[in-house]
Amino acid sequence: MPLFFIPGLLRPFYPPKAMLLQFLALVMVAAVVARWLLEGRGMAGTDVRSFLRSRIHVIAVAFGAVIVIATVMSLSPYTSLVGSVNRRQGMLTILSLLAVFLVLSTHLRTRAQVTRFVAVLLLSSGIMSLIGIVEHYFPSFSHWFLSTTYTPRVAATTGNSLSLSGYLGMAIPFTLATGALFYRRRAGLRRSGLMLAALVGLLTVQLWCLVLSIYSFVLLLYLVPGALFVAVHTMLGIRHRLVNLVAIGVLTALVIGGTAIVLPQWQNALHGTPPPEAAMRPQSGTPERLPATLYGRARYWVYAMDVLPQAISDPQSGDEAPVLRPVIGYGPETYTMVTQKHFPPEYASGQTHGASFRDRAHNHYLYLSITTGVLGLALWLALVAGCGVILYRLLRRNGTASPPMLFALAAGCGVAGFLAHSMFNPVALAEELLFWPCLGLIPALAVLQNRRTDTTDLHGQPDSRPTPPPFRTAFAVLLVLVAVAGGVMSARNPLMAEVAMRDAIVMSASDDPNTVFMYSRATELQPHESTYWGALGGYAHSIALRAQGEAKATILELSLIALRQARDNEPLLAFWHYQLGDALLYAASSTGQVTVDDAVESYQRALELSPRNAVLANRIAVAYLADGDWGGAALALHDASQFDPAWTQTLHLQTALAALEGDALLATQPLLNLIRERPVELHTFARVAATRLLAYGLLEPMANVMLPALEQEHDWAGLGLRGALTAMTGDPDEAAALLTTARETAQPNEVEAVQNLTKYLASIVPGLLDALTA
C-alpha cells in the first residue's frame, strides 16, 4: 500500500491508498468470517471467547466503538464517515486500520507469515527509497512518474515528505533486525555474505532517502527508532551494567537535547513572542527555518488546546450536544471546522486569504483528543501501552535470541518512532499503514514465541480439518466475492470523480467549452462532496467575469447554485460562506439577481464561524463599497484593522475608500509612504485593485481621483502606482511607459517590486505585454 498511487487523479496519493485499504480490510474480514464457516465454528466459538478475554482486543474494539459514536454525533457526519476529499481518513479508514490490527494480531501464527510480512516491508521500503533518490537527482522524474512538480524535499510515493520520513524511520528497525538475524545464522546460510551486503545496501538507501526528505537536524527524530533498536538489542545481548548505563545515558541525552530545542519555542508560543529567525523569512528547507517552524506548530497547539475546555462554555456553532464533546470529540476529520474559532491571530488572515484552513494539528495526540474526545485518546493510548507491556514482558523473559523476539523489538521501536513523529507532525495514511501492523505484530509474536512449534493453526490444534459441507463452502466463497465486489464498487465513484476533476482542470487551462460538464460530472459522482461543488461554482464564477449579455446571468446562476450546494453540504465551514459571498456580490453588482445584503449576510455568517478574521471583515467592506455605503465600509475596515493590524490589504482598501469619498491626498500619501517603506506592497495594491475592486466597477472612479494627485510624484513608487492604475483602466501603452520609467528610476532593492508588478499586470491586462516588448 505505501507504494500504491494513481497518477491520473487530481490527488494521486492519499485517496487511492485509503480506497485500497478499505478494500483489503473488507476482504480480510470476509475471509475471517469465511474461515469460521468452513471450520464449523460459530460466532460464539472458543476463538471468540478467547478474543474477548484479551484486554488488548477489547480495548481495540472499544476504540472502534468510540469512533463510530463520534461519527454519528459529528458536526459533519458525512465528512466524518468518509473523510475529507484530500485525506480520506474518516471512520471507514480508521475502522479499516483497526481491522488490519485485529486480523493480524489474531491470525498471524506461523514464522512463514512473519517472514512474508518482513520481506514485503523491506522490499516496499527499499523501492520507495530508490524512487525518492531518483526523484531528487532527476527532477523531470517527479512530473513523469509521480505527476508532481519537483520540490527539494522528496516524498516518493507517500505524497508528503513528512510521511516518507515517518515511514522510513519506522521501517529501519526491521532492516536492522533482519541483519542481526542473518548475522547470527551466517554459518548455516548459503551466500550469507551476499545477503548481508544486500541488507547493508537497503539500509544505505533508506538512510539516503531519509536525509533527502529532511534537511535539518530534525533528521535525529527519525533515527530514534533505529537507535533505540540498537541500544535495546545491545543491552539485552550483552547484559553488562556499564553498557546499560551508557545506553540509558545516550537516550537521556537525546531527550534532554530535544527538550532544550522544543521548550523555548513552546514558551515563545505561550507568550506570542516569535523567535528572531521567524522574522528573517529564511528559505524553505534550511536548518535556520526550524525554530520558526517549531514556533508556528506550538502556536497552533496553544490555541487548539482551548477547543475541548471551551466546548461547553463557548459551544461550536450548530453543535446540539456540546456537553458530550469533551468525552467523544467532534468526529473524525472535523478539526478544520472546530478550530476556526481557535486560530492564532497572526496566521488567520494568511490562511483564509489562501483559501485554506489547517486540517491537522501537527500533533496527533491533540488531533485525536479534539476529534474523538478524551475517551478516544485514552483508549488509543491504552492500546499502545498494552502492547508495550506485552513487549516488555516478552523481552524481559526471552531477550532477543529468537527471530520472533527480534521482530517484536523492531515493531516496538517502529511504534516508538510513530509516537515521536506524531508529537510534532500531522499523521497521514502512510505512517498509519505501518503503525497499526506494527502494533498488531506484538501480540501476534507473543503467541508465536510461546508456541513450541509453528505447525499448528490459529486455535493451537493440528491443521487437520474435516471437509465442510458444500453449501457452507459455497456460502463462504460467495461472502468473499461479495466483499471484493463491494470494495470495488465503493471505490469506483470517488476515484472516477477525482479523474473528472483532474480532466476539468486540464480542460479549463485551454478554455475548452466542455469544461463545465466535466466539473458537473464530478458532482454527479460525489454529490455530497463540497469540494467538487465549490470547484464547479468557482469555475462558473470565473467564466461569468468575462461573459457578456444574457450569458452572464445564466452562468452566474449556475455558480450560485453550485456554491449554495457546497455551503449546504458543509454549513459549518466558513470557507464556503465567503466563497458564496463573493459570487453573490458579483451577481448583485452585475446582474441584479440578488442584493448586496445577501452577500453581506453570507460574509457575516462566515465571520461568525471564523471570528476576528480580517479577510472576512475586508470582504464585508468591499460589499459596502460596491453598494455605495461608505460608512458601513469604514466600520468594517476599522474592525479588520483591529482583528489583524499586520494585514496590509486593509490599508489598501482604506485607500480605495478615501479615493471613492473624493479625498485624493488621503488616498495617495499614506499609500506611497507604505510602498516606499515596503516595496512589496506595490504588487499587493495591484492585486487588491484587480481582484477586489475591478469586478464591482470601483476601480475607475478610484483611479479618476488618484491619478491627478499622483502626477506630481516622479519617483519609482509614484510611477509604479500610476502605471498600475493606468493599465487596469485600459491604456496599456502609457502604462508600459510608466512601468519602464519606474524600473529605471528604482534602486536595486526596489527593482524586484516593479518587475513583479509588471509581470502580474501583463498577465491580466490585454495588450500590456505587447506594449512592453514593443
In the range 385-444, residue modelled with the lowest pLDDT [restricted to those that are aromatic (Phe, Trp, Tyr), under 27 Å from VAL218 (Cα atoms) and open to solvent by 10 Å² or more (accessible area, probe 1.4 Å)]: PHE424
Some residue of the range 617-627 being more than 20 Å from LEU694 (Cα to Cα) and open to solvent by 10 Å² or more (accessible area, probe 1.4 Å): no
Scope the range 693-706; condition more than 15 Å from GLY628 (Cα to Cα) and either open to solvent by less than 30 Å² (accessible area, probe 1.4 Å) or in contact with a Ser or Thr (Cβ under 7 Å, 6 or more places away or on another chain) (or both); matching residues: ALA703, MET706
Any hit, the range 526-533, residues being under 22 Å from MET496 (Cβ atoms), aromatic (Phe, Trp, Tyr) and surrounded by fewer than 23 Cβ atoms within 10 Å (Cβ to Cβ): no
The range 300-333, subset out of contact with any helix residue (DSSP H, G or I) (no Cβ under 6 Å at 6 or more places or on another chain) and crowded, with 21+ Cβ neighbours inside 10 Å, residue modelled with the lowest pLDDT: TYR300
Pair list, Cβ < 6 Å and 6+ apart or interchain, from the range 749-769 residues that are at positive phi to residues that are assigned to a helix (DSSP H, G or I) and open to solvent by 20 Å² or more (accessible area, probe 1.4 Å): GLY767/PRO732
Qualifying residue in the range 143-150 (condition: within 18 Å of the chain's Cα centre (by Cα) and open to solvent by 60 Å² or more (accessible area, probe 1.4 Å)): yes
Close pairs (9 angstrom Cβ cut-off, 6 or more residues apart or separate chains): in a helix (DSSP H, G or I) in the range 582-604, open to solvent by less than 20 Å² (accessible area, probe 1.4 Å) and of a type in the set (Asp, Glu) anywhere: ALA599/ASP582; SER602/ASP582; TYR603/ASP582
In the range 65-94, the residues that are under 23 Å from the mean Cα position of the chain (by Cα), surrounded by fewer than 21 Cβ atoms within 10 Å (Cβ to Cβ) and part of a helix (DSSP H, G or I): VAL68, PRO77, TYR78, LEU81
One residue from ALA686, ALA646 being touching a residue at least 60 places away in the same chain (Cβ under 8 Å), more than 26 Å from ASP598 (Cα to Cα) and not in a helix (DSSP H, G or I): ALA646
Total residues in the range 97-113, condition outside any loop (DSSP other than H, G, I, E, B) and surrounded by fewer than 21 Cβ atoms within 10 Å (Cβ to Cβ): 8
Residue that is over 37 Å from the mean Cα position of the chain (by Cα) and acidic (Asp, Glu), where the choices are GLU713, GLU750: GLU713
Some residue of the range 233-255 being under 20 Å from GLU431 (Cβ atoms) and at pLDDT 75 or above: no
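The values are calculated or read from the model by the stated rules, or taken from the named source; none is laboratory data. Just so it is clear, the model here is predicted, and its values are computed rather than measured. Glycine also receives a Cβ, built like all others from the backbone with ideal geometry; neighbour counts cover every protein chain displayed. Heavy atoms of the whole protein, side chains included, go into the accessibility calculation; ligands, DNA and RNA do not. Shrake-Rupley method; radii C 1.70, N 1.55, O 1.52, S 1.80 Å.
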